[in-house]
Ligand SMILES: [Mn+2]
């Protein structure tokens, strides 16, 4: 008998238990090859842990660059073709295969399909949002929009971990406010006005948050008296893979904007306690997505070797 999922939902908040394993990634932006790499790791973990494994993508699954291999700008890291539509279909198939185990947070790019501001990073006219909707077509878009609207915006997991898409610069919202947030209730269309929108702007768009703001946020989102030690988030590409910005926050990048050799994912034992960002250890919790392409002196490889 497979071990049943012990995940719970409180509105827009996802809660994962203090048992089992969790594989975390972020910002795939239509990179289907990177999702497949994560899927293979997930399946290995399922084999090793009697199926008691969860997967969390921290938002921005969709919207990739449209450059050809020839015109690909170096700043975008390793070339890949945008396969956003195929990636969402692969995500839906994976959820069907592993019920109650596969999750994604809402990112600002998914939110653009629910009325949030649209980005024009790679497509001037139309926007990435319009381009994706044209590619998906009307019928598929109905399914995708319902999926995006169902995604949580915050995940609290195990003993001390929280996950968001952007840096959680949450100034006054409580966990109940976050649980009840209405994704469609956004009248702001300009990105620079979004930063001051409570919850949606704070969790989907912010790139920076001070230690005191994050500490207060972690305190407010405690569930069942479990202390939260560290929040992990993406949104802002970190070319080296990840950065510990302060004792309570890690910004990391699995895919978008990086060279393969710098891409990272995180894998945790949900029964283990995480009191600070430094409890996430290079080579044990923090891993290369492409270890075969990583520099030999990489601290992640060195640490894994020293075990
Ligand atoms: Mn983002």
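The values are calculated or read from the model by the stated rules, or taken from the named source; none is laboratory data. Just so you know, these numbers come straight off a predicted model, no measurement behind them. Note that we place each Cβ from the backbone using ideal geometry, even for glycine, and neighbour counts take in every protein chain shown.
In segment 24-34, what residues are surrounded by 23 or more Cβ atoms within 10 Å (Cβ to Cβ) and touching a helix residue (DSSP H, G or I) at 6+ places or on another chain (Cβ under 7 Å)? Spell out the reasoning first.
To start, the set of residues in segment 24-34 that are surrounded by 23 or more Cβ atoms within 10 Å (Cβ to Cβ) comprises 24-31, 34.
Within segment 24-34, 25, 28, 30 meet the criteria.
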Which members of segment 209-234 meet the condition of being within 16 Å of the ligand (Cβ to nearest atom) and either exposed (fewer than 13 other Cβ atoms within 10 Å of the Cβ) or not in a loop (DSSP other than H, G, I, E, B) (or both)? 231, 232, 233
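Of everything in segment 150-167, what is crowded, with 16+ Cβ neighbours inside 10 Å and more than 16 Å from the ligand (Cβ to nearest atom)? Give them in sequence order. Working first, answer last.
So in segment 150-167, the residues crowded, with 16+ Cβ neighbours inside 10 Å come out as 151-167.
Listed by number, the residues that qualify are 156, 157, 158, 159, 160, 161, 162.
Just checking, which of 69, 74, 40 is under 17 Å from residue 254 (Cβ atoms) and exposed (fewer than 15 other Cβ atoms within 10 Å of the Cβ)?
40
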Considering (1) on the phi > 0 side of the Ramachandran plot; (2) in a helix (DSSP H, G or I), say which one residue 257 fails and leave the rest. (2)
Is at least one residue of segment 175-186 on the phi < 0 side of the Ramachandran plot, within 16 Å of the ligand (Cβ to nearest atom) and modelled with pLDDT under 95? yes
Go through segment 176-190 and count every residue that is part of a helix (DSSP H, G or I) and under 20 Å from the mean Cα position of the chain (by Cα). 2
The one condition in (1) part of a loop (DSSP other than H, G, I, E, B); (2) farther than 30 Å from residue 301 by Cβ; (3) away from the ligand (no atom under 14 Å from the Cβ) that residue 239 fails to fulfil: (2)
Name the pairs: first residue in segment 108-119 and under 14 Å from residue 202 (Cβ atoms), second residue within 13 Å of the ligand (Cβ to nearest atom) and outside any helix (DSSP H, G or I), Cβ to Cβ under 6 Å, at least 6 apart or on different chains? 108/205
Which condition does residue 178 not pass, out of (1) touching a helix residue (DSSP H, G or I) at 6+ places or on another chain (Cβ under 6 Å); (2) surrounded by 16 or more Cβ atoms within 10 Å (Cβ to Cβ), if it passes all the others? (1)
Identify all residues within segment 144-164 that are in a helix (DSSP H, G or I), out of contact with any helix residue (DSSP H, G or I) (no Cβ under 8 Å at 6 or more places or on another chain) and more than 20 Å from residue 199 (Cβ to Cβ); write none if there are none. 146
